[in-house]
Amino acid sequence: MIVSVVIVSVIILAAFVYWYHSRSSSERNGTYSHEYSLKVEANTTEEYIIRLPVPNDSSGRMPHDFLSELEVIKGVAVFALGDYENETCLEIRASGYLEIEWDKAYPASWNERYGNLTMTTGAEGWRTHDPCYSWIYSSRNDIKMTFYYSSIHHYMASPWFASGGGPTFYFSEYFYWQGWQQITIDYGWLIIN
């Protein structure tokens, strides 16, 4: 009886080890998951224009599909990319309440991780304790923006243990001014253990 239990256990363990090692390295290396979201609360039905930072990698490149894959959850908006005095940004023309998002995951083996934002300083790594600032533009002084961006590396450190992490950027602010403004962004690192 004991010998049978040991043999069955060894077979199950061997099958599991074979399954784990037969998985492709990209599955074990995990993914880079990106989430970009914005909510705008406007006290007007008149058109407004806002300009926000966009994701980029350590070389300054943006995701090639960012603009085409932005999704409007609520409201109506027109998107464009623009180069202004403070770098490349996302320009949004809309009116009233608006929610947009971009969710994208790439295999980590593709090395397509967009862990930075344009027009943003102070976000130079997980050990950074300096304030993080970003340039934002608003054509009106009566709107509230809530912005979130993350770039998280998910991977299996072992068959039983998920790990990873990455930078997150967040602000929720009422804008009582028009034009360009440099604001403080909450910047930190999400750690997955």
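Which residues, counting only those in segment 120-162, are of a type in the set (A, V, I, L, M), modelled with pLDDT of 90 or more and over 30 Å from residue 97 (Cα atoms)? Passing the criteria: none in range.
Residue selection: residue 51 fails the criterion of being in contact with an Asp or Glu (Cβ under 9 Å, 6 or more places away or on another chain), in a strand (DSSP E or B) and either more than 24 Å from residue 124 (Cβ to Cβ) or at pLDDT below 80 (or both). For first residues located in segment 177-193 and at pLDDT 90 or above and part of a strand (DSSP E or B), partners that are among the acidic types (Asp, Glu) and surrounded by 14 or more Cβ atoms within 10 Å (Cβ to Cβ) and lie 6+ apart or on another chain with Cβ distances below 7 Å form the pairs 183/173. Residues in segment 100-117 that are more than 13 Å from the chain's Cα centre (by Cα) and surrounded by fewer than 16 Cβ atoms within 10 Å (Cβ to Cβ): 107, 109, 110, 111. Among the residues of segment 68-82, is any among the aromatic types (Phe, Trp, Tyr), outside any loop (DSSP other than H, G, I, E, B) and within 22 Å of residue 143 (Cα to Cα)? Yes: one or more hits. Is it fair to say residue 114 is on the phi < 0 side of the Ramachandran plot and in a loop (DSSP other than H, G, I, E, B)? Against the criterion (on the phi < 0 side of the Ramachandran plot and in a loop (DSSP other than H, G, I, E, B)), residue 114 qualifies. Go through 92, 100 for me and flag whichever is modelled with pLDDT of 95 or more, part of a strand (DSSP E or B) and touching a Ser or Thr at 6+ places or on another chain (Cβ under 9 Å). Of 92, 100, the one residue that is modelled with pLDDT of 95 or more, part of a strand (DSSP E or B) and touching a Ser or Thr at 6+ places or on another chain (Cβ under 9 Å) is 100. A count restricted to segment 15-46 and to residues that are in contact with a strand residue (DSSP E or B) (Cβ under 6 Å, 6 or more places away or on another chain) and at pLDDT 80 or above stands at 13.
Would you point out which residue out of 70, 117 is of a type in the set (A, V, I, L, M, F, W, C), in contact with a Pro (Cβ under 7 Å, 6 or more places away or on another chain) and either within 16 Å of residue 56 (Cβ to Cβ) or modelled with pLDDT of 95 or more (or both)?
The match here is 117.
The values are calculated or read from the model by the stated rules, or taken from the named source; none is laboratory data. None of these values were measured; they are calculated from a predicted model. When we count neighbours, we look across all protein chains shown, and the Cβ atoms used for this are built from the backbone with ideal geometry, even at glycine.
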